[in-house]
Every structure is written in C-alpha cells, then in structure tokens.
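Below is one structure, written out as structure tokens; the observations come after it.
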Amino acid sequence: MAKDLRELYCATCRSREQHVALESREQRRWLREVTGRVPDGFWMCTRPGCRNVRTYWEDEPFDQPLRMP
C-alpha cells in the first residue's frame, strides 16, 4: 500500500514539508492516548528529526507542538 503524502505547512519547521497520513495502529493508538482525540485526519511531518503532528486543515491543532515518538 502506497503512503498518502501531501505537502503541508509545518509549524515546527516553519516551511512547507512532506507529511504522511497516520496509518499505523501504533501511531493512531498513541495519538488517541495522548490527546483523547479520534486519530482520523492527522498528518505527520516527514522531515528528519521533526515528526510534528497536525490535521489537514489546521497547522497547529495543539497548544504545544506534538511530535510522534
């Protein structure tokens, strides 16, 4: 299965970067445990060392940046 990639603005990198949709069970479970939110529609920055999480429509959906471990 090909990964769904999009170029979106990353608030952490402060530039447009490639983002991948959260697809793995582990990523989705982690996001739900940390935020209590349904993990649908979230994207992760693929720039090395970043891994910032955002929604498709919102650059900064959390008060503090949230990075996937």
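The values are calculated or read from the model by the stated rules, or taken from the named source; none is laboratory data. On a predicted model such as this, the values are computed, not experimentally measured, just so you know. Note that each Cβ is placed from the backbone with ideal geometry, even for glycine, and that neighbours are counted across all protein chains shown. The accessibility values were calculated without ligands, DNA or RNA, using every heavy atom of the protein model including side chains. Shrake-Rupley method; radii C 1.70, N 1.55, O 1.52, S 1.80 Å.
Miscellaneous remarks
- One Cα centroid belongs to the stretch 32-52, the other to the stretch 1-29; the line between them spans 7 Å.
- Virtual spin-label span in nm between residue 3 and residue 34, 7 Å along Cα→Cβ: 1.6
- Residues whose amide H falls under 5 Å from that of residue 51, counting only those 5 or more places apart or on a different chain, are 45, with hydrogens built in the peptide plane.
- Calculated mean residue ellipticity, 222 nm, the chain: -5000 deg cm²/dmol, from DSSP H runs (n ≥ 4) at -39500 (n - 2.57) each, averaged per residue and rounded to 500.
- Two numbers describe the Cα atoms of the chain: Rg and Dmax, which are 11.0, 33 Å.
- Around residue 22: net Lys/Arg minus Asp/Glu count, Cβ-Cβ under 12 Å: +4
- Average accessible area per residue (Å²) across the chain - probe 1.4 Å, nucleic acids and ligands excluded: 70
- Within the accessible surface of the chain, defined with a 1.4 Å probe on protein heavy atoms only, the carbon and sulfur portion equals 46 percent.
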